[in-house]
Amino acid sequence: MSNIIVIQNLVKNYADVEAVRGISLSILPGEMFGLVGPDGAGKTTTIRILCGLLPFNSGAVSLFDLNIREEKKEIQKKIGYLSQKFSLYGDLSVDENIEFFAEIHGVKNYEERRNELLTFTRLLPFRKRTADNLSGGMKQKLALSCSLIHKPEILFLDEPTTGVDPVSRRDFWKILSSLLKEGITIFMTTPYLDEAERCNRVALMHNGRIINLDTPQNMKASIGMEVIEIICGDIQAASKLIKANFNFETQLFGDRINIMVEKNQNAFSEIESMLNRNGISILDHRLLPPSLENVFIHLVEEES
């Protein structure tokens, strides 16, 4: 099976700022691929280049074996794009927004397809409501419907669930799962590493570079680490003490500390003894496999 997207040594600069620094990757048809990283990592720049919306300095980009520089219009007929910012028309109804995008893409007799999408996204009861009067989650579903009206083969999603409530976020992921079953290739960017766990493969992006690319499972296994998670009375003081006394990575998550240690190191008793000597009692602890968030922080700290 040949790749549906291929990027080779892609470079994009904004004046003196290197936004994308020589990235390469390829994506198979029917794959859900996640480009993950913090704000400013280069994710949106990359996705906009893939959609033919931004020029780039050097490298090569092809979709469907077509060169993005030479056959951009042909490529754009076969892709859908949901941008980071809500880009629909607030004074138009749900129906009218979808109709507008159908006409842009030259879709004739779109009524049946529109009804399918509204049923699929559970927007059918709200079809006469203007976009400005929809909730954040409903706006994203409408934007998704507009990007699917012409039956694209690749769907590009730029941080689709940012600012969306948890219930709508869950609904959105159910919709994406259904699209995958239909054979659509999904390329998404997200700052949420828990969402990235759902992707077939993930590229971790930092400062314009890809620092790891693999399945979430392989990525977590590859670093050879495990996590000791502890809860104690003063986590800030405990974290400082652990950093001062051990060469372990510590990451704070709410009311708990994640301590990255090598597998089978049996470091917990040493950590507990040291904290007890300093008047801090551990209230609870457990041993966990690393999450993608643990892996990302570990790789960034290694790089720096």
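The values are calculated or read from the model by the stated rules, or taken from the named source; none is laboratory data. What you see is a predicted model; the values in this text were computed from it and never measured. Quick reminder, even Gly has a Cβ in these numbers, built from the backbone with ideal geometry, and neighbours come from all protein chains shown.
Quick look at the values:
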{"read-out": "Those residues of segment 51-105 which are without any contact (Cβ under 8 Å) to a residue 40 or more places away in the chain, more than 26 Å from residue 35 (Cβ to Cβ) and part of a loop (DSSP other than H, G, I, E, B), in sequence order", "value": "92"}
{"read-out": "Residue in segment 238-255 that is under 30 Å from residue 31 (Cβ atoms) and either surrounded by 15 or more Cβ atoms within 10 Å (Cβ to Cβ) or in contact with a Cys (Cβ under 8 Å, 6 or more places away or on another chain) (or both) present", "value": "yes"}
{"read-out": "Candidate set from segment 159-213 (those that are more than 14 Å from the chain's Cα centre (by Cα) and of a type in the set (D, E, K, R)); member that is surrounded by the most Cβ atoms within 10 Å (Cβ to Cβ)", "value": "171"}
{"read-out": "Filtered residues of segment 101-111 (kept if exposed (fewer than 15 other Cβ atoms within 10 Å of the Cβ) and on the phi < 0 side of the Ramachandran plot)", "value": "103, 104, 108, 111"}
{"read-out": "Any pair with Cβ under 8 angstrom, 6 or more apart, that starts in segment 21-39 at a residue that is of a type in the set (Asp, Glu) and at pLDDT 95 or above and ends at one that is buried (at least 21 other Cβ atoms within 10 Å of the Cβ) and in a strand (DSSP E or B)", "value": "31/185; 31/186"}
{"read-out": "Whichever residue in segment 268-304 is among the polar types (S, T, N, Q), under 17 Å from residue 226 (Cβ atoms) and part of a helix (DSSP H, G or I) and, among such residues, is nearest to the chain's Cα centre (by Cα)", "value": "294"}
{"read-out": "Residue 48 vs. criteria closer than 25 Å to residue 300 by Cβ and in a helix (DSSP H, G or I)", "value": "yes"}
{"read-out": "Matching entry among 176, 144, 155 (being in contact (Cβ under 8 Å) with a residue 40 or more places away in the chain, within 24 Å of residue 34 (Cα to Cα), in the same structural domain as residue 194 (by TED's automatic domain parsing) and not in a helix (DSSP H, G or I))", "value": "155"}
{"read-out": "Top-ranked residue in segment 266-287 [being in contact with a strand residue (DSSP E or B) (Cβ under 8 Å, 6 or more places away or on another chain) and within 22 Å of residue 222 (Cβ to Cβ); ranked as surrounded by the fewest Cβ atoms within 10 Å (Cβ to Cβ)]", "value": "287"}
{"read-out": "Among residues of segment 82-94, those that are surrounded by fewer than 18 Cβ atoms within 10 Å (Cβ to Cβ) and not small (Gly, Ala, Ser), counted", "value": "6"}
{"read-out": "Scan of segment 112-123 for residues that are in contact with a helix residue (DSSP H, G or I) (Cβ under 9 Å, 6 or more places away or on another chain) and either within 25 Å of residue 28 (Cβ to Cβ) or surrounded by fewer than 16 Cβ atoms within 10 Å (Cβ to Cβ) (or both), ordered by number", "value": "115, 120, 122"}
{"read-out": "Verdict on residue 279 being closer than 30 Å to residue 31 by Cα and of a type outside the set (Phe, Trp, Tyr)", "value": "no"}
